[in-house]
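Please read the structure below before turning to the comments.
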Amino acid sequence: RGAQGSQPVSGAPRCHGRSCQGELPDASDCARDAQTKSTVTDPAYDVRLRWSPACGTAWSEVRPRTPHAREVSVRAGQDVLSASYPAEDSVGYTSPMLAVPAPRGVEACAEVAGRLACTGLEAEPAGEQ
């Protein structure tokens, strides 16, 4: 039913591009084909820029080494989406998804215990306001 190529219908994403915007990747099927495009490592945690070609979305993923409150964000130009999780939350590690045609110029950030770490892939200078 509308599945393209040889991909089974069950493997097709439930959203694409703008329809995914603001959704969490784990709640969709976008995490299934996600690729890590860049990583930054801090002594307390790792931040990864994740990108799903099937969904046309990017998001940030953080892996803290100890339980701390965290804010995870993803940015492309003026578009920024973020999510905050308390220290006792043991499942929240991603930002919402941002609709982007490619991961180029997308920045993934996480702030854990007051320390901010950001990663980006071939970030292009954006006109700051």
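Summary table
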{"quantity": "Phi to ³J(HN,Hα) by Karplus 6.51 cos²θ - 1.76 cosθ + 1.60 over segment 18-34, Hz, x for Gly, Pro", "calculated": "4, 5, 8, 3, x, 7, 8, x, 5, 7, 10, 9, 5, 5, 4, 9, 4"}
{"quantity": "Phi to ³J(HN,Hα) by Karplus 6.51 cos²θ - 1.76 cosθ + 1.60 over segment 82-97, Hz, x for Gly, Pro", "calculated": "9, 9, 10, 10, x, 4, 6, 6, 9, 10, x, 9, 10, 7, x, 7"}
{"quantity": "Scaled radius of gyration (Cα, divided by 2.2 N^0.38 Å) that segment 37-129 gives", "calculated": "1.02"}
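Taken together, the values in this text are just the output of simple stated rules run on the coordinates, not laboratory data. What you see is a predicted model, and the numbers here were worked out from it, not measured in a lab.
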